[in-house]
Amino acid sequence: MSANPDHQIELLRDALRYAEHYLGTLDQRNVYPNSEALDALDEFDEPLPAEPSQPSDTLAMLHRVGGPGTVAQVGGRYFGFVNGGALPVGTAARVLADVWDQNTAHFIMSPVAARLEAVCERWMAQLLGFPQETAAGFVTGTTLANVSGLAAGRNEILRRKGWDVSELGLYGAPPIPVIVGQGAHAAVRKSMALLGMGDTHTQVIPVDDQGRMVASELPEMEEGTLVVAQAGNVNSGAFDPVGEICDRVQANSGWVHVDGAFGLWAAALPSLKEHVQGIDRADSWAVDAHKTLNVPYDCGIVLCRDRAALERAFSASAEYFQWSDEREPMRYTPSMSKRARSIELWAILKTLGREGVVALIEQLRSHAQNFASQLHERGFVIHNEIVFNQVLVSCDSDKETQSTLGAIQDMGDCWCGASTWHGRSVIRVSVCSWGTTSEDIDRSVQSFCAARKIARASK
């Protein structure tokens, strides 16, 4: 390895050349790797090399073997798993951030990353209409953001009861009633399990036909109840009535956490105001910037109304820590060392501004509505109201739906995933990429129709 900066710059030029080739051929390749590309990945399965090799050769192999084995989620026809694309300015900022290679535990470790966290924290509150004192922590994704918000809520509820979790742990702690909706995401269940709040002691509330929690089914609230609401059902995209839930919970010193991985961004849209009524009154929220906002992976955010509660949840001290009078990033997340996610988030928020964010989200929603409308016209069944970016599709029978999805994935023009909705097999379409165009929707609809024809011919 050479410390000569010219050698590093040459490698970066190689990477840029490979990136240019990748982006330039994106529209001509399958969205999912073909069998030849998957088989080629076996070349990586070698013994650990005994001797060093040329960095340029390593990078060339990564491009030659790895590039064809990627899923083209940065293109416009990947509709799987609510995975966002990556806006160009975010990708470029990410490259710069990687060259800077900043650790953001303390302000003194990276003044620029810490300052940009403070700016993004303030901008996020303004964009979503949350209280200006809202605190934010920047983590890997919504799973860890949920853990963070729920940890703050759990600890605060117990603190009000005279129990200090950081000092006493959970042994002998007063029980906390927990309520979730029937459609709660697996990440919520996982987060609660990590925090010692398992399924056995969690009350599940029925949902309506769109997956929204039925507020009238909420029980009489015990003091200090923790309720998890959802902004964007993972299948239908529907929103729980968070305002009504807050009315019930907060009157009894409870805590409302909102799992809003992709749907929390709806709070920025005037056109979706009725779906997010009262969401600003929750106590904590979890959201992914790498989904709807199209920030490069990974970038999750926990937001908390009570700054002190979030800080207490992650309080830590050591002789070598060096605090300042500035905002200290490690006070707001479980991690101490972490990459500077604020850099590409700032770049995108700075570039788009409020109007650009609104336009991006409206574009995703419009494409989802167009997708659903075209499929409906061609005889497919649409199972949900298209309130955001999710479309649930089926054919005449579960078998035909499953066969159609298999053919869609095999053909490679677009990619969607499977799910189950009210006992029916469905194709789950998530429109999340800034790069999706009307032409991409038209081409994908044609793929659906061709795949259904294949499925029917195979009966």
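The values are calculated or read from the model by the stated rules, or taken from the named source; none is laboratory data. Because the structure is predicted, anything quoted here is derived from the model rather than measured. Note that each Cβ is placed from the backbone with ideal geometry, even for glycine, and that neighbours are counted across all protein chains shown.
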Among residues of the stretch 373-394 being out of contact with any helix residue (DSSP H, G or I) (no Cβ under 8 Å at 6 or more places or on another chain) and touching a residue at least 24 places away in the same chain (Cβ under 8 Å), the residue surrounded by the fewest Cβ atoms within 10 Å (Cβ to Cβ) is 385
Among 324, 317, which is the only one that is without any contact (Cβ under 8 Å) to a residue 40 or more places away in the chain and farther than 29 Å from residue 186 by Cβ?
317
If a residue has to be in a loop (DSSP other than H, G, I, E, B), closer than 30 Å to residue 274 by Cβ and within 22 Å of the chain's Cα centre (by Cα) to count, how many in the stretch 388-440 make the cut?
10
So which of 99, 89, 74, 119 is modelled with pLDDT of 95 or more and buried (at least 19 other Cβ atoms within 10 Å of the Cβ)?
74
Only one of these is acidic (Asp, Glu), part of a helix (DSSP H, G or I) and out of contact with any His (no Cβ under 6 Å at 6 or more places or on another chain): 209, 247. Name it.
247
Scan the stretch 22-41 and give yes if some residue there is part of a helix (DSSP H, G or I), free of Cβ contacts under 8 Å to residues at least 12 places away in the same chain and either of a type in the set (Gly, Ala, Ser) or assigned by TED's automatic domain parsing to the domain that holds residue 437 (or both), otherwise no.
yes
Might you check whether a residue that is out of contact with any Gly (no Cβ under 8 Å at 6 or more places or on another chain), under 23 Å from residue 88 (Cα atoms) and of a type in the set (Gly, Ala, Ser) occurs anywhere in the stretch 24-33?
yes
For the stretch 17-26, check the following and say yes or no: at least one residue is among the aromatic types (Phe, Trp, Tyr) and on the phi < 0 side of the Ramachandran plot.
yes
Only one of 287, 302, 227 that is over 17 Å from the mean Cα position of the chain (by Cα) and either assigned to a loop (DSSP other than H, G, I, E, B) or buried (at least 24 other Cβ atoms within 10 Å of the Cβ) (or both):
227
If residue 15 meets every condition in (1) surrounded by fewer than 16 Cβ atoms within 10 Å (Cβ to Cβ); (2) out of contact with any helix residue (DSSP H, G or I) (no Cβ under 7 Å at 6 or more places or on another chain) apart from one, which number is that one?
(2)
